[in-house]
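Asker: Before I ask anything, let me first share the structure, which is written out below as structure tokens.
The values are calculated or read from the model by the stated rules, or taken from the named source; none is laboratory data. Just so it is clear, the model here is predicted, and its values are computed rather than measured. All Cβ positions, even for glycine, are placed from backbone atoms using ideal geometry, and neighbour counts span all protein chains on display. In case anyone asks, the SASA skips ligands and DNA or RNA and just uses the protein heavy atoms, side chains included. Shrake-Rupley method; radii C 1.70, N 1.55, O 1.52, S 1.80 Å.
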Amino acid sequence: MQSRDLLLYAYGQVAETFRSTVEGLTADDLARRVGPDANPVGWLAWHLLRVQDDHVADAAGTEQVWTADGWAGRFGLPVATSATGYGMSGEEVAAVRVPSAELLLGYSEAVHARTAEFLRGLSDDDLDRVVDERWDPPVTLGVRLVSVLSDDLQHLGQAGYVRGLLGA
């Protein structure tokens, strides 16, 4: 098995789990918080997609599907188009009210398609390419892709847990 095949499988698992995590939820379900500063399912789902879209587009040297395909406009959120959710305050999180599960699922499919397209073109040698020199040691493409996977899986687990608490 080549590294790209393993990465394609792993990101495919994220897309599959994403669907079962948000499918069938209402806009109110997506926005409901189980505690005063708890992240709601909608925000967690939006955030993990935004981070994946942002980081993969950066590594691929392409525009994010969020802006290139008009998803930012469809969501109509009161945040900058560059926002990924990183570092948001509780108040800012509350302002991210995702309109529908269907919209999240559509964006997820677009992000996954772009990610898979990028991954299919990689060789094992590509994973050693430095993509971020702001860290010590500098971050390679392989490390970045695994980091995004880790973030995705953590937030999917959180969203699934919150969904369970909501009884949805």
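Asker: Order Glu109, Glu102 by their accessible area, 1.4 angstrom probe, all chains in place, largest first.
Answerer: Descending order: Glu102, Glu109.
Asker: Could you pull the Rg and Dmax for the chain, using just the Cα atoms, both in Å?
Answerer: When restricted to Cα atoms, the chain yields Rg and Dmax of 15.9, 46 Å.
Asker: On a 0 to 90 degree scale, rounded to 10, what angle separates helix 3-22 from the longest Cα axis of the chain?
Answerer: Rounded to the nearest ten degrees, it is 10.
Asker: Helix-derived [θ] at 222 nm for the chain: sum -39500 (n - 2.57) over DSSP H runs of at least 4, divide by residue count, nearest 500?
Answerer: After summing the helix terms and dividing by the residues of the chain, the value is -20000 deg cm²/dmol.
Asker: Students often get this wrong: which residues of region 147-161 have the backbone nitrogen under 16 Å from the point 7 angstrom along Cα-to-C-beta of Asp58?
Answerer: 147-152
Asker: Another question, then. By how many nm would the segment from Glu92 to Leu77 grow when fully extended, if each residue of separation counts as 0.36 nm and the alpha-carbon distance is taken off? Working shown, then result.
Answerer: On the way: separation 15, 0.36 × 15 = 5.40 nm, distance 1.06 nm.
My answer for the length gained is 4.3 nm.
Asker: Could you sort Arg163, Arg97 by their accessible area in this structure, using a 1.4 Å probe and putting the largest first?
Answerer: Result, largest first: Arg97, Arg163.
Asker: Also: For a Förster distance of 45 Å, can you work out the FRET efficiency between the beta-carbons of Leu166 and Asp125, rounded to the nearest 0.05?
Answerer: Plugging the Cβ-Cβ distance into 1/(1 + (r/R0)^6) gives 0.50.
Asker: Measure out, as a whole number of angstrom, how far apart the alpha-carbon centroids of region 123-144 and region 21-80 sit.
Answerer: 25
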